[in-house]
Structures are given as structure tokens and as C-alpha cells.
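Asks: Okay, here's the structure, questions in a sec.
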Amino acid sequence: MQDDRLFPMLTVNETLMFAADFRLGPIPRAEKRQRVESLIEQLGLSSSRNTYIGDEGTRGVSGGERRRVSIGVDIIHGPSLLFLDEPTSGLDSTSALSVIEKVHNIARSGSTVILTIHQPSSRILLLLDHLIVLARGQLMYQGPPKDVTFHLDRMGRKVPKGENAIEYFIDVVQEYDQSELGVEVLAEFALTGVKPPQLAAHKESASSVNSLPPAALPPRRNSRRQASEGHHARSSKRLPLQALKDGGFDHSPIPAGYYTYSSEILQGTPTPHSSDYTVNENDYITHSSLHPGTVATYQHLGPKFANSFISETWILMRRNFISIRRTPELFLSRLLVLTVMGIMMATLFWHPKDNVQGITNRLSFFIFTVCLFFFSSNDAVPAFIQERFIFIRETSHNAYRASSYTIAGLITYLPFLALQAAVYAIIVWFPLELKGPFEYFLLVLYMSLLSTNSFVVFVSSVVPNYILGYAAVIAFTALFFLFCGYFLDSHAIPGYWKWMHYMSTMTYPYEGLLMNEYQTTRPFGNITGNTILESLGIDTQKNLKWQKVYIMLGWTVVYRVLFYIVLRFFSKNQRS
């Protein structure tokens with residue numbers, strides 16, 4: 001929640017509509033639109049419904065509006081309980097107040113909202129029903145925000161005039177945290193009402209504070225929305241504690257209803273801890289009943305996902321196509337590179353001769369083409385890394401399956417990769433007077449793009465950032481290039497490095513292009529095409545030419561499966 005992970009090229013309305021498609025399941029589309037429209041009105045986003053979300057390079061909605069859209073994505077399905085982690089972080093005071101006002105409206109509409117917030121302003125505090133202050137995992141205060149002043153008075157720490165009571169309370173907590181006493185005495189005071197010893201700097205002023213009668217304490221009230229103020233001060237420095245004289249503070253419990261309530265409710269309540277609990281892929285389960293001496297029984301609560309696998313894949317594909325259409329430079333830049341390089345290859349190797357030099361030129365053209373297609377897939381590294389956190393957020397809410405995401409990403413790029421391969425193949429085929437079936441030449445180029453794209457996508461899912469991603473791809477490119485058979489044919493590679501020859505995704509498109517060109521008895525100067533292949537350590541059997549295509553298809557499947565495994569089991573919404 002602290003960072004708004006949204007697709008920058010989607011509008012506010014589209015972002016919420018896709019959230020509705022994922023979270024509301026197969027209900028009529030008219031109902032989804034109605035839900036989105038009411039949510040836009042509730043969040044105060046009517047004026048920006050058709051505005052792009054935007055990012056650093058694209059102008060879009062404001063920071064406060066983006067935060068409200070992010071909240072809207074989480075509440076599109078009308079949850080009864082909503083957790084928000086610092087919804088005001090990174091916002092100015094006006095935007096922060098606007099966000100909390102919308103959250104206040106959400107709470108009043110029937111949802112319980114629990115949020116964490118740091119340094120809330122006095123105006124924000126007025127919107128909170130219940131406040132919990134924590135320090136080092138212990139409870140410092142719980143109750144209505146307006147009663148913080150009263151709580152401090154009972155401690156003997158009167159809030160200075162004109163100062164925010166919550167901020168002053170945090171200062172007090174930090175003072176105790178840095179003293180020899182620590183925050184444990186404040187936790188004891190919050191639980192039982194036993195007054196903590198005063199610190200030296202405040203002993204005199206604390207002694208003059210008159211105890212208020214218990215009857216003056218306001219009654220506890222039920223609340224729909226709670227806020228917890230995390231106090232994270234860390235210091236090994238301890239302030240000296242002045243010894244108390246006779247007539248100091250009374251450490252006996254105060255018989256007030258306020259503290260009695262705290263003691264009864266919180267005494268047996270453990271501090272919550274994070275859990276690595278995960279549920280089954282298909283169903284949620286829960287204890288239906290559990291009594292001493294009986295075996296737990298389980299009850300199905302329904303499907304984990306709102307949509308079927310096919311529906312999820314279709315929704316993801318629609319979103320992918322919209323993003324690609326609105327960022328044409330990503331696709332067109334790759335197409336432009338292949339077009340320009342194709343023209344350069346066509347003019348550089350124009351009408352090669354049927355002699356040794358011509359054969360060498362063709363070999364250089366084929367290996368350059370394979371490397372060019374490999375490097376053209378490198379833009380997939382930052383593309384997924386930028387999208388990774390959106391994937392983690394959405395799958396943590398069970399919006400869709402990792403398998404749907406994997407398949408949708410593959411299908412989306414199939415036509416674009418086919419167009420790139422076709423443009424390059426058409427440009428170079430006739431000027432270079434290439435031999436063999438054109439369809440096979442085009443298929444090899446297409447499968448080369450497909451397998452290398454799958455490899456790069458897999459690498460991007462493993463590395464933490466795009467810098468390491470580029471470094472890893474470049475390193476593997478060098479290794480694949482070295483062992484593809486251009487520098488050393490397969491027979492000349494030492495046995496202990498032979499596995500790298502088969503692992504190289506450049507081996508199979510390179511050998512496939514050579515076999516399409518030279519798998520013939522037609523002479524090239526003084527030697528035949530089959531002789532050229534044999535000299536390069538490549539088998540001349542006709543059926544082996546298609547084996548290269550099947551292997552490239554196999555590598556495509558392998559890398560996509562590995563990509564899915566990383567997404568499914570290693571991309572979790574966890575804090576470091």
C-alpha cells in the first residue's frame with residue numbers, strides 16, 4: 001500500500017474495470033460497470049475517470065488520486081475488512097487528508113478499516129474512531145484519539161498547550177524507550193493502570209498533576225475503523241533515572257473501568273506475528289468445529305479465484321494488448337531495429353558468390369542474424385521487472401493464477417514476434433539469394449525469437465532488478481555464442497563442454513539456417529552443400545532439419561515452465 005503499483009497507461013476507469021473483472025467473477029458486465037461508477041463517485045475520482053494513471057515519463061493523475069485508485073482496486077469487491085499500510089505515506093497534508101476522508105466514507109459504508117499511519121495531523125485524527133499506539137511490539141495506548149490527552153494526564157504528563165497530543169505521546173514513548181526503564185512500564189500502564197516512574201526531566205511537573213476521578217473517564221465504544229501508530233525508535237542510549245523520594249508516585253493499580261477493560265481484553269492476547277501460511281490452489285478451508293478431544297473437520301469455503309483459467313487468460317490478454325497499443329514505441333523500436341539491420345545485411349551481402357568467400361559471407365550473415373534476434377529480445381528484461389510488483393500485489397489478492405499470467409503473456413506476443421520475423425525475412429531473402437524453402441527460413445527466425453524471448457523473460461523473473469537482468473542476459477549471450485558451433489563445430493568442442501553446446505539457444509537456429517541453405521547436392525563453387533555441412537559437423541539427414549524447430553519449441557516450453565515456477569512459488573508478497 002505504501003507504493004501504488006498500477007499500470008501507467010490505463011485510465012482510472014479501466015484500472016477499476018479490470019479489477020472488477022478479476023475480483024467480481026462472472027457477473028453481468030452491466031453490474032460491474034455500475035459497481036465501478038459508484039466506487040469512482042465514492043472515491044472522488046469523477047473528474048479523472050478517463051485520465052491515465054501515469055508514471056515518471058507519462059503525465060497522469062495526482063499522487064492523492066493515484067492512492068485513491070489503489071484503494072479502489074482493493075475494495076472493488078466490497079470486503080468486510082480492509083487493511084491499509086500507510087495510505088498517506090509520500091503525500092502532502094492536503095492529499096493525505098483527502099485520502100483519509102475517502103477511507104472514512106468507506107468505513108461508514110459498512111467495511112471495517114484497519115490502517116497504519118505515521119504522524120497523523122490533528123484533522124486526520126478527528127476522522128479516526130479508534131487508535132492503537134505500538135512501540136517495540138507492545139501496546140502503549142488503545143482507545144479514541146481524543147482520549148490520548150486524558151491518558152497522558154493519568155501518566156502525569158500534561159500535553160503542552162498548542163501541541164499535537166499524539167506527537168507528544170510519541171515523544172514520551174521515545175523518552176522512555178531511551179531510558180533505563182524502557183517502554184515496558186508504559187505497556188504496563190496501558191494494560192493495568194499502574195503509573196510508570198517519572199523520568200528526571202519531568203519529575204517535578206509530573207508531581208503536580210492531579211489525578212482525575214475515574215468517573216470522568218469516557219466509556220469505551222465500539223468502532224468500525226482502527227488506526228495503529230507504529231513507533232520505530234531504536235536507540236541504545238538510556239537516560240539516567242532519578243531515584244524516587246518518599247511520597248512519589250503510587251504504583252498500585254487504579255480502579256478505573258478504562259484500565260479494567262484493557263486488562264480483561266488484552267491480558268491473554270498475544271502479539272501478532274507474520275505467517276507463511278498458504279492455502280490450496282483450488283479451495284480455502286477452515287475448521288468447522290474444534291473441541292477438546294475431537295479431530296478437526298474442514299469445510300470448503302468456495303473457489304480461491306473468482307474466474308476460470310480461460311477467463312483470467314482472456315482478461316490478462318485484453319489488458320496486455322491495451323498496454324502495448326498505448327506504448328507502441330516498445331514494439332516499433334524493436335521492429336525498426338530489425339528493419340534497419342535487415343536493409344544493412346541485404347546491401348552488405350548483396351548477391352554473394354558461389355565460392356569460398358561467398359560461403360564465408362553467408363556463414364557470417366547467419367550467425368549475425370541469430371545474435372541480432374537474441375539481442376532484440378533484451379527489452380523483455382525491464383518490461384517484466386516493472387510489472388513484477390503489480391503481479392505480486394494482484395496474485396496476493398487471488399485476482400488470477402500464475403499459470404494464466406504466464407500463458408497470457410506468451411499468447412499476447414505471438415503475433416508481434418511473427419511480424420518482426422516476417423519483416424526481416426522478406427527484406428533479406430531475395431537480395432542474398434538464399435536457398436531452401438522460404439517458409440522454413442521464416443519459421444526458424446520466428447522460433448528463434450520465441451525461444452530467446454522466453455529465456456529472457458525467465459531471467460527477468462529471477463533477478464531483483466533490470467541492471468542485473470541485463471548483465472545476466474549479456475553473460476549468457478556470450479556463452480551461447482561461444483558454444484553455438486560457429487567458432488568450434490560440435491565435433492571439436494571438448495566432451496566436458498559439450499553440454500553447453502546443447503544448452504545454447506543459438507545452436508539450433510544457427511544450424512537450422514545452415515541446413516536450410518546447404519542441405520543439397522547443389523555445388524557452391526567446387527564443393528556441394530552437404531560437404532559444407534559435414535565440414536561444420538552438421539548432419540545432412542533431411543529429417544534432422546525439422547528436429548531443430550522442435551528443439552527450439554521445446555526450449556520455449558521449458559523456459560516458460562521455469563518462469564511459471566518462479567512466479568508460483570518464489571514471487572511472494574513478503575517484506576525483507
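Asks: Express the relative contact order of region 12-116 as a whole percentage, based on alpha carbon pairs under 8 Å and six or more residues apart in sequence.
Replies: 28
Asks: For region 376-499, rounded, prolate or oblate, judged on the Cα gyration tensor with a ≥ b ≥ c (square roots of eigenvalues), a/c < 1.5 rounded, else prolate if a/b > b/c?
Replies: oblate
Asks: Now a separate question. Between residue 140 and residues 5 or more places away or on another chain, which pairs have amide H atoms under 5 Å apart, with H built 1.01 Å from N, and which residues are they?
Replies: Under 5 Å from the amide H of residue 140 lie the amide H atoms of 133, 134, 135, each far enough along the sequence or on another chain.
Asks: When the Debye formula is applied to the Cα atoms of region 424-576, each taken as the same point scatterer, what base-10 log of I(q)/I(0) results at q = 0.09, 0.14, 0.15, 0.16 Å⁻¹?
Replies: Rounded to two decimals, the profile gives -0.36, -0.78, -0.87, -0.96.
Asks: In addition: Return a whole-number percent for the relative contact order of region 313-569, with Cα pairs under 8 Å and 6 or more residues apart as the contact set.
Replies: 25
Asks: Explain nothing, just compute: Karplus ³J(HN,Hα) = 6.51 cos²θ - 1.76 cosθ + 1.60, θ = phi - 60°, for every residue of region 174-181 in order, whole Hz, x for Gly and Pro.
Replies: Karplus values, whole Hz, x for Gly and Pro: 5, 4, 5, 5, 8, 9, 6, 6.
Asks: Which order do the peptides 357-363, 511-517, 494-500 come out in when sorted by mean C-beta neighbours inside 10 angstrom, highest first?
Replies: The peptides rank, most packed first, as 511-517, 357-363, 494-500.
Asks: What are the ³J(HN,Hα) couplings of region 92-109, residue after residue, when phi is run through the Karplus curve with 6.51, -1.76, 1.60 and θ = phi - 60°? Round to Hz, x for glycine and proline.
Replies: 6, 4, 5, 5, 4, 4, 4, 5, 5, 4, 5, 5, 4, 5, 4, 5, 6, 7
Asks: For 439, 86, 56, what ranking results if the residue with the fewest other Cβ atoms within 10 Å of its Cβ goes first?
Replies: By the 10 Å Cβ count, ascending: 56, 439, 86.
Asks: Which residues' amide hydrogens lie under 5 Å from the amide hydrogen of residue 130, considering only partners 5 or more residues apart or on another chain, with H built in the peptide plane?
Replies: Hits under the 5 Å cutoff: 225, 227.
Asks: Continuing with the same structure: Calculate the spin-label point distance for residue 547 paired with residue 499, positioning each point 7 Å from the Cα along the beta-carbon direction, and give it in nanometres.
Replies: Rounded to a tenth, the inter-label distance reads 2.1 nm.
Asks: Based on the alpha-carbon gyration tensor of region 1-115 and its eigenvalue square roots a ≥ b ≥ c, which shape applies: rounded if a/c is under 1.5, prolate if not and a/b is larger than b/c, or oblate?
Replies: Oblate is the answer for region 1-115, as a/c is 1.5 or above yet b/c matches or exceeds a/b.
Asks: Also, quick follow-up: Rounded to whole Å and sorted largest first, what semi-axes of the equivalent ellipsoid does the C-alpha gyration tensor of region 313-569 yield via the square root of 5 times each eigenvalue?
Replies: They are 35, 20, 15 Å, listed largest first.
Asks: Could I ask something else about it? With θ taken as phi - 60° and the coefficients 6.51, -1.76 and 1.60, list the Karplus ³J(HN,Hα) couplings across region 378-385 in order, rounded to whole Hz; mark glycine and proline as x.
Replies: Here the 3J(HN,Hα) series is 5, 5, 6, 5, x, 4, 6, 4 Hz.
Asks: Using r as the Cβ-Cβ distance of residue 108 and residue 423, and R0 as 51 Å, what FRET efficiency do you calculate, to the nearest 0.05?
Replies: Step by step, r from the Cβ atoms, then E = 0.35.
Asks: Determine, for 442, 567, 128, the number of other Cβ atoms within 10 Å of each Cβ, and report the residues in order from fewest to most.
Replies: 442, 567, 128
Every number in this text was worked out from the coordinates using simple rules, so none of it is lab data. These numbers were taken from a predicted model, which means no experiment stands behind them. So basically every Cβ, Gly included, is an ideal-geometry build from the backbone, and we count neighbours across all protein chains shown.
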